[in-house]
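What follows is a short report on a single structure.
The values are calculated or read from the model by the stated rules, or taken from the named source; none is laboratory data. Given the structure is predicted, the values throughout are model-derived calculations rather than measurements. Positions of Cβ are backbone-derived with ideal geometry, glycine not excepted, and every protein chain shown enters the neighbour counts.
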Amino acid sequence: MKHLTPINQKAARIERETTAPDDVVGLQRTPVPQQPHFPLGCSLVFSPGWEADRTGGTAGLCQPVERDLFDCHIGCYWPAHVPDQLNHAPSWTSSCAAAQKDWRKIDLVFP
Amino acid sequence: MSMWAARDHHRFEAAGRPFVYLAPSAAVFALDDPADRILASLRHGPATTQELAGRLSDQMTGDAVEQTLSELARVQAVSKLAPVPIELPPAAGGTRPKVIPLAQFPLSTMVLNVTNQCNLSCTYCYEYGEDKIVDTQNGRKPKFMSEETARQSVEFMLRESRSNPVAHLTFFGGETLLNFPVLRKTIDYARRRAAELGKQVDFSLTTNATLLKPEIIEFLAEEQVGVTISIDGPREVQDKFRVFHNGSGSYDVVEPKIRELLARHRSRPIGARVTLTSAGMDVRRIFNHLRHEIGFWEVGFAPVTTAANREHAISNDGYDLMLEKFRDLADEFLALSLENRHHGFSNVKETLAEIHRGMSKAFPCGAGLGLLGVATDGDVALCHRFAGSDAHRFGTVHDGIDTAARQAFLESHHIDNKTDCHTCWARPLCAGGCYHEAHVRYGETSHPNLHYCEWIRGWTDTCLRIYGELSERNPAYLRQFDDQPAEAERVS
């Protein structure tokens, strides 16, 4: 590498492990990094609605109600009954880093 | 056009050049100017290659931008924000698999609580004070470990150390030396049994030094027992909390005994372990007294573990002050290390070793992994601080480790479960912090220690800068951390 110099042992290992051999490039697959996740199903984030997800899949269709709420709350504007995160429930989603994994942690909020 | 985004990282400067510490890999890279500028630009938000090239056109060519980005992506300092197919959770469990050690994990350190009694009444003590976990007053737990239980514990340790050639046995208390007779016999027994099995046992203990006397010192030196002394500093600091039952200070009792120990016991370096409280933060003065006036080889500091509302609890301002004092002492450490001289501030050295290896922890410490505590009745616990607590028991030395309980603990305490830590760049080294601290502060071992996040990040940054300085100006110093054999985990 020209712009980065490995300093500790882990960095040296990363450099070693990611040195791609010049041949069979076509067979190599870089790992898919974790992406910020927007839940499925809102027309404003270009998704065909509730029948299929934006990749055309139908696997995630029967959604828990919490996820519907969260989706409307974050993916688009929708007058859903979600807690007011600006004033009353600023930490409503603080324990939900990735919706597909943590949606069970989003609790109900009572006024 | 896909966007590039910076992943979790921490930029720091040392020896006049920029470095980056990456999370979660814990790799340290030095950056050249283009890499530093691109990463800086991405810190404000995602951007496309073209946007970056536009922003930086007066500083580098488009080719340089592309080449630098590909290197940054290669080490996962940045990644593309391309829409990717949503990963469906695996059929069972519902989350991506965590890396949990195998059930048959070898034990490297066993901490034996040979007594839960103490001849001091340190006000802040987690074993006796207001925050204690284990009730020792009702007599359910024996006050002293019996010879029989200690022997069973040794057998347990040798068995559970599996293929490891060396097992570490640390004696702990209460005040460890109150049960010196059992300690002495246990060392004899462990040496004999280990020899029969072709293994070695490394011994160490922690003591308040009040009961040291010539025969004991002779024994510890002869048997090469590693000794850590709990002491808080010069007289007025030590006597503030480390008092006898009648309230009188312990400094004048321990000071001559420690000098005697240091004069006679030369087979292992002897360290002091200081508890910092809201009452005393004069780190430099405590260090100078213990390192230079008394002569300890090294001195380690730890903030007191206590509920937030206690008088001796360290407040947010207190953590800031502690960081400032630590930085001051760390500068001195750096100056001496650049000349290959020993300093003795053990907090820095331990962190440097972890940075050097690029340790990325799924768990904050070895408790429940390679380290287990044993209570006076032979119950096996998460660590010595939980020894005797029924809620944190993983079997007994007689019946062996309760593997299911231990696996359940590890499963639920994995860094993946600590949502608050997911965006912190210091998580490879901190992993949420001490289970016991969390238990005392928040009532649950699985809670991340959010009260000292700023302190952890500040201190990690300091150690990273020292590491960077050393890597540039005296790289030979860091060679000592290459392939360093695993040492017994320091317990306090």
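Determine, yes or no, whether B:LEU169 is aliphatic (A, V, I, L, M), touching a residue at least 40 places away in the same chain (Cβ under 8 Å) and farther than 23 Å from B:ASP399 by Cβ.
No: the conditions fail for B:LEU169.
Which condition breaks for B:THR123 when tested against (1) of a type outside the set (Asp, Glu); (2) outside any helix (DSSP H, G or I); (3) more than 29 Å from B:THR403 (Cβ to Cβ); (4) at pLDDT 95 or above?
Of (1) of a type outside the set (Asp, Glu); (2) outside any helix (DSSP H, G or I); (3) more than 29 Å from B:THR403 (Cβ to Cβ); (4) at pLDDT 95 or above, only one is false for B:THR123: (4).
Return yes when B:HIS447 is of a type outside the set (S, T, N, Q), surrounded by fewer than 19 Cβ atoms within 10 Å (Cβ to Cβ) and within 14 Å of another protein chain (Cβ to nearest Cβ) and no when it is not.
In short, yes.
Return only the number of the condition from (1) of a type outside the set (Asp, Glu); (2) modelled with pLDDT under 95; (3) on the phi > 0 side of the Ramachandran plot that B:GLY295 does not satisfy.
(2)
From the residues in segment A:86-106 that are over 11 Å from B:THR419 (Cα atoms) and without any contact (Cβ under 8 Å) to a residue 12 or more places away in the chain, which one is farthest from the other protein chains (Cβ to nearest Cβ)?
Applying the filter and picking the extreme gives A:ASN87.
Only helices (runs of 4 or more DSSP H) wholly contained in segment B:309-427 count here; list those with 3 or more residues that are at pLDDT 95 or above. Talk me through it step by step, then tell me what you get.
On the way: elements: B:316-338, B:346-357, B:403-413.
Qualifying helices (runs of 4 or more DSSP H): B:316-338, B:346-357.
Filter segment B:261-278 down to the residues that are closer than 14 Å to B:LEU290 by Cα and part of a helix (DSSP H, G or I) and list them by number.
B:LEU261, B:LEU262
For (1) in the same structural domain as B:ARG184 (by TED's automatic domain parsing); (2) in a helix (DSSP H, G or I); (3) crowded, with 21+ Cβ neighbours inside 10 Å, each residue gets a yes or a no:
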| position | (1), (2), (3) |
| --- | --- |
| B:LEU211 | yes, no, no |
| B:VAL227 | yes, no, yes |
| B:LYS240 | yes, yes, no |
| B:GLY247 | yes, no, no |
| B:PHE287 | yes, yes, yes |
| B:LEU290 | yes, yes, yes |
| B:THR305 | yes, no, yes |
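I'd like the full set of residues that are over 21 Å from B:LYS132 (Cβ atoms) and free of Cβ contacts under 8 Å to residues at least 12 places away in the same chain, limited to segment B:368-410.
B:ASP399, B:ALA404, B:ALA408
How many residues are surrounded by fewer than 19 Cβ atoms within 10 Å (Cβ to Cβ), touching a residue at least 12 places away in the same chain (Cβ under 8 Å) and not charged (D, E, K, R) if we restrict to segment B:254-277?
Here is the first cut: in segment B:254-277, the residues surrounded by fewer than 19 Cβ atoms within 10 Å (Cβ to Cβ) are B:255-256, B:259-260, B:262-264, B:266-269.
From the residues that got through so far, the ones that are touching a residue at least 12 places away in the same chain (Cβ under 8 Å) too are B:255, B:259-260, B:262, B:264, B:266-269.
When the remaining residues are screened for being not charged (D, E, K, R), the result is B:262, B:267, B:269.
Qualifying residue count for the region: 3.
For segment B:157-173, which residues satisfy the criterion of being in a helix (DSSP H, G or I) and buried (at least 24 other Cβ atoms within 10 Å of the Cβ)?
B:MET157
Keeping to segment B:221-260, report how many residues are farther than 13 Å from B:LEU290 by Cβ and among the polar types (S, T, N, Q).
Final tally of qualifying residues: 4.
Could you check segment B:27-40 and list, in sequence order, the residues that are more than 7 Å from every other protein chain (Cβ to nearest Cβ) and more than 17 Å from B:ASP63 (Cβ to Cβ)?
To start, the set of residues in segment B:27-40 that are more than 7 Å from every other protein chain (Cβ to nearest Cβ) comprises B:33, B:36-40.
Selection gives B:ASP36, B:LEU39, B:ALA40.
On the given criteria, is B:ILE286 closer than 30 Å to B:LYS132 by Cα, of a type in the set (A, V, I, L, M, F, W, C) and at pLDDT 95 or above?
On the way: closer than 30 Å to B:LYS132 by Cα: yes; of a type in the set (A, V, I, L, M, F, W, C): yes; at pLDDT 95 or above: yes.
Taking the combined requirement at face value, the residue satisfies it.
Tell me yes or no: at least one residue of segment B:436-452 is in a helix (DSSP H, G or I), free of Cβ contacts under 8 Å to residues at least 60 places away in the same chain and in contact with a helix residue (DSSP H, G or I) (Cβ under 8 Å, 6 or more places away or on another chain). Break it down into steps so the answer makes sense when it comes.
Filtering segment B:436-452 down to residues in a helix (DSSP H, G or I) leaves B:436-442, B:450-452.
Now narrow it down to the ones that are free of Cβ contacts under 8 Å to residues at least 60 places away in the same chain: B:438, B:442, B:450.
Restricting the remaining residues to those that are in contact with a helix residue (DSSP H, G or I) (Cβ under 8 Å, 6 or more places away or on another chain) gives B:450.
Looking for residues that are in a helix (DSSP H, G or I), free of Cβ contacts under 8 Å to residues at least 60 places away in the same chain and in contact with a helix residue (DSSP H, G or I) (Cβ under 8 Å, 6 or more places away or on another chain), one finds at least one in segment B:436-452, hence yes.
Can we say B:ALA362 is within 14 Å of the chain's Cα centre (by Cα) and either touching a residue at least 40 places away in the same chain (Cβ under 8 Å) or more than 14 Å from chain A (Cβ to nearest Cβ) (or both)? Working first, answer last.
Details: within 14 Å of the chain's Cα centre (by Cα): yes; either touching a residue at least 40 places away in the same chain (Cβ under 8 Å) or more than 14 Å from chain A (Cβ to nearest Cβ) (or both): yes.
So B:ALA362 passes the test.
Filter segment B:110-119 down to the residues that are of a type in the set (A, V, I, L, M) and either under 14 Å from B:SER161 (Cα atoms) or at pLDDT below 95 (or both) and list them by number. Quick ask: steps written out before the conclusion?
Keep residues of segment B:110-119 that are of a type in the set (A, V, I, L, M), which gives B:110-112, B:114.
Within segment B:110-119, B:MET110, B:VAL111 qualify.
Sort out which residues of segment B:413-431 are out of contact with any Ser or Thr (no Cβ under 6 Å at 6 or more places or on another chain) and more than 14 Å from every other protein chain (Cβ to nearest Cβ), and write them in order of number.
B:TRP425, B:CYS430, B:ALA431 - these are the residues of segment B:413-431 that are out of contact with any Ser or Thr (no Cβ under 6 Å at 6 or more places or on another chain) and more than 14 Å from every other protein chain (Cβ to nearest Cβ).
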